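Accompanying notes for the structure given below.
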Ligand SMILES: *Cc1c(COP(=O)(O)O)cnc(C)c1O
């Protein structure tokens, strides 16, 4: 189970921490002086703003935040405050939303391959909607059939997604009628379809094709007497990194059009993860030491690719990274992480001011798949996650 990054007392202190973006140098230096380094700041104002922006771009779709890219209590609390829904995939994620007091009716469990213990954990919490993509997985729900409703996950391959999630999970569209018939024989109620076309998809084309294909499948299923009433369009909504993604309104416009053409009487869900959390994370790391090797300055940080920058390996992401101290005088440099492994290099084609030990380096757009996939190789601890702007600012008083 993911442990809260801060003790309760520290969290209470962080709750009152307000920090307006863009963070200033004195802000960040003060935070490091107080909480140590490295830090991963999670800005709950940004979490809420991203959720609302995507909700406005996809009206009528219940957005279930996928915890996986940033499973943090403060994020769950921030989204709970604004009426969010949640997408869970493990016992630890169930525990996290439970500890935040989230209503289980606002949660779905979407891991296609589960142990009975995983199903029981989620059921005990009160989750009712689960995902399956094959006959064996449907069979696992027979003993729980009075309490569960199932979404069949269908695979649509997105060749252009940075992370293709339809290779590992999902049934062929042609398999849907057979699985519906099997579920009926087993007494397991299938209420709809889901898909996840892949993460960080550059264009909405695959979402649109998948929505259209699901519309056809749903119409056929209804004609055959299966009353499907839910379509879950998954995640994959792209975030900005060193390169800006398509603006989310533009990305969602053709998806909206495809959703509007679906058969009527469907509840629509989505499972955004990255889009909500990526821009909310800021990595603050310190220079530990430096060396001049073959005419190039190497700066060694206390965070690296085994830590918050793990997304450079697992998620193929390239984050905007810069020194906190601005300077016109820059040197060609290598930015390296703290472990003794030679692959622990964040960037070997970067220009930086001539940094000294103790100076800070900042990585932006680092909220998704960063600390979540970090480890403690070499016994080097992960960055402390520090939530800022946990509470929404009070509205300004009305002028009298
Ligand atoms: C990872 C995952 C998500 C989130 O995907 P993003 O691309 O981060 O939006 C949603 N649903 C499922 C089932 C996932 O595995």
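We did not get these values from a lab; they are worked out from the coordinates using the rules stated. Owing to the predicted nature of the structure, the values given are computational and were not obtained by experimental measurement. Don't worry about glycine lacking a Cβ; one is built from the backbone with ideal geometry, like all the others, and counts go over all protein chains shown.
With the cut-off at under 17 Å, measuring from each backbone N in the range 201-225 to a point 7 Å along the Cα-to-Cβ line of residue 157 picks out 206-207, 209-210.
Relative to the longest principal axis of the Cα atoms of the chain, the long axis of helix 176-186 lies at roughly 70 degrees. The peptide list 113-119, 42-48, put in order of mean Cβ contacts within 10 Å with the highest first, becomes 42-48, 113-119.
Rg ratio for the chain: its Cα radius of gyration over 2.2 N^0.38 Å, N being its residue count, equals 1.05. Between residue 24 and residue 341, the modelled label-to-label distance comes to 4.0 nm, taking each label 7 Å out from Cα in the direction of the beta carbon.
Could you tell me the relative contact order of the range 44-277? Use alpha-carbon pairs under 8 Å, at least six residues apart, and round to a whole percent. Averaging sequence separation for qualifying contacts and normalising by length gives 22 percent for the range 44-277. Compared with the direct C-alpha span, the chain from residue 136 to residue 249 gains 36.8 nm at full extension, assuming 0.36 nm per residue. Computed from the C-beta positions of residue 261 and residue 357 and an R0 of 51 Å, the FRET efficiency is 0.30 to the nearest 0.05.
A crude spin-label estimate for the pair residue 240 and residue 147, with each label 7 Å from Cα along the Cβ direction, gives 4.5 nm. Helix 116-125 and the long axis of the chain differ in direction by around 90°, with both axes built from C-alpha atoms.
Assign one of three labels to the range 44-277, namely rounded, prolate or oblate, based on the Cα gyration tensor with a ≥ b ≥ c the square roots of its eigenvalues; rounded applies when a/c is under 1.5, prolate when it is not and a/b is larger than b/c, and oblate otherwise. The shape class here is oblate. Note on residue 168 and residue 293: the extension gain reaches 40.7 nm, defined as 0.36 nm multiplied by sequence separation minus the Cα-Cα distance. Each Cα pair under 8 Å and six or more residues apart adds its separation to the average, and for the range 248-341 the resulting relative contact order is 25 percent. Residue ranges 174-183, 123-132 sort as 123-132, 174-183 when ordered by packing (mean number of other C-beta atoms within 10 Å per residue, highest first). Angle of helix 44-57 to the longest C-alpha principal axis of the chain, folded into 0 to 90 degrees and rounded to 10: 40°.
Residue 325 to residue 17: extension gain in nm, 0.36 nm per residue of separation minus the Cα-Cα distance? Fully extending the segment from residue 325 to residue 17 adds 108.6 nm.
When you count the other C-beta atoms within 10 angstrom of each residue and take the mean per peptide, 294-306, 240-252 line up highest first as 294-306, 240-252. Cα convex hull, the range 228-301: 130 Å³ per residue, rounded to a whole number. Centroid-to-centroid, using Cα positions, the range 68-121 and the range 367-383 are 21 Å apart. Each of residue 33 and residue 53 was given a label point 7 Å from its Cα along the Cα-to-Cβ line. The distance between the two points is 3.2 nm.
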